[in-house]
1. Heads up, I need the accessible area for B:VAL160: 1.4 angstrom probe, whole protein in place, Å², nearest 10.
2. Jot down the per residue volume, in cubic angstrom and as a whole number, of the convex hull over the alpha-carbon atoms of the stretch B:4-156.
3. In sequence order, what are the phi-derived ³J(HN,Hα) couplings for the stretch B:70-77 according to the Karplus relation 6.51 cos²θ - 1.76 cosθ + 1.60 with θ = phi - 60°, rounded to whole Hz, with x for glycine and proline?
4. Can you list the residues in the stretch B:63-81 whose accessible area drops by at least 10 Å² when all protein chains are present, compared with the chain alone? Use a 1.4 Å probe, heavy atoms only.
5. Would the stretch B:12-52 count as rounded, prolate or oblate if I go by the C-alpha gyration tensor, calling it rounded below 1.5 in a/c and otherwise prolate when a/b exceeds b/c, oblate otherwise?
6. Each residue of the stretch B:137-147 in order: what ³J(HN,Hα) in whole Hz does its phi give by Karplus 6.51 cos²θ - 1.76 cosθ + 1.60, θ = phi - 60°, with x for Gly and Pro?
7. What figure, in Å² to the nearest 10, do you get for the accessible area of B:TRP131 with a 1.4 Å probe and non-protein molecules left out?
8. Using a 1.4 angstrom probe with every protein chain in place, what is the largest-first accessible-area order of B:THR69, B:THR52, B:THR79?
Amino acid sequence: MKFLRHLAAAVLVVAIILGLGMLWAHASGGTGVGSGPGRAPSPEALLRLKQIKENIKTSVIRVRSDNGFDLADTGNLIRTCEIEAVLAAVVITVNVIWRRRRRRMRRTAARA
Amino acid sequence: MNAGPTTPAADPPVTASRRRILARTRLDFWLDALLLVAYTLAYSLGFTGIATHEWLGIGLGVVLLVHLTLHWDWVIRTTRKLLRRGGRERFVWLVNLLLLVSMTLCIASGILISEVALPELGITLRASSFWRQMHDTTATLTLILVPIHAALDWRWIVGVARRFAVWPPGRSR
C-alpha cells in the first residue's frame, strides 16, 4: 500500500515535469508532437545535408542498417565509461578532501 | 568488520525488521547497479544501435520510476528539512532534482522522436526539431549528472559492496 502511494506521488512528479516540457515545446514556436513543418531550412542547413548525403554515399559516414549490438564499436561505450569514471573520480576526490578538512577543523575546535 | 566464517549458533538473532532492511539494501544496490549499466549502454548509441538504444531507454524509464518510488521517503524527508540542512545535503538534493528533470525529459523526448520502438508498436509520431534538440541537450546533461549522483553516495556503495563481498549469499548478519 505504501509502495503504491509512493508510486502515485512519483508518477505525479514525472507528469508535472512532462507537462512543463510540453508547455515549453508549445511556447517555443509550436514545435510539439505532430506539429507542422515549422520554419524552412536555411541554405546552410541544406548544404550541410547535401554534404552528409554525399559522405554516406562515399562511406565517409558509416550508417548502420542492423539494430543489434555492434561489438566493433566498443570505442563508443568505452568513451561513455571514461567520461563517467572521470566525473565520478573528481566528485569523490572533492568529497574526500572536504571530509578531511571538516574532520581537521572539528579536531582543532575540540582541542581549543 | 568480521569477514571470517562463523557458525550459525554464534550468529546473533536476526530480527524480521533487520532482515527487511538487509533485503531492501540489497534491492537498492542491485537496482542502482542495473540502472547505471543500462544508462551507460543506452548512452552509447554507436555500440547498441538505434533499436536497443530505444528499448533500453523505455525500460530505463520504468526502472527509474521504481527507483524514485523506492526513495520517495528520502525525497520527502530531505525536502522538508532543506532549509535546516547543511550545504552538502542541499547540493545532493539539487543534483537529484536536476537529474530527475533531465532524465524525464530525455526519455520523453526520446520516445517522441523514436524511429524504431514506437513504429514497431504501431504508433507513429511526427518528430519535431524541438524534441530532437531537447533529447541531445538532456542526454549530455544526464551524462554529467549520473556519475555525480552515483559518486555522491560512494561511501554507501563501497560499504554495501564490501558487506556483500564478505557475506555468503543468503546469509544475513
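The values are calculated or read from the model by the stated rules, or taken from the named source; none is laboratory data. From a predicted model like this one, the values you see are computed outputs, not experimental measurements. When we count neighbours, we look across all protein chains shown, and the Cβ atoms used for this are built from the backbone with ideal geometry, even at glycine. Areas reflect the complete protein model, heavy atoms only, side chains present, ligands, DNA and RNA absent. Shrake-Rupley method; radii C 1.70, N 1.55, O 1.52, S 1.80 Å.
1. Accessible area, nearest 10 Å²: 0 Å².
2. Each residue corresponds to 179 Å³ of Cα convex hull volume.
3. Couplings: 5, 9, 4, 4, 4, 4, 5, 4 Hz.
4. Residues of the stretch B:63-81 that lose at least 10 Å² of accessible area once the other chains are added: B:LEU65, B:VAL66, B:LEU68, B:THR69, B:LEU70, B:TRP72, B:ASP73.
5. Since a/c reaches 1.5 and a/b is larger than b/c, the shape of the stretch B:12-52 is classed as prolate.
6. In residue order, the calculated couplings are 5, 5, 5, 5, 4, 5, 4, 6, 6, 4, x Hz.
7. Solvent-accessible area, nearest 10 Å²: 10 Å².
8. Working: B:THR69 5, B:THR52 30, B:THR79 60 Å².
The most accessible residue leads, giving B:THR79, B:THR52, B:THR69.
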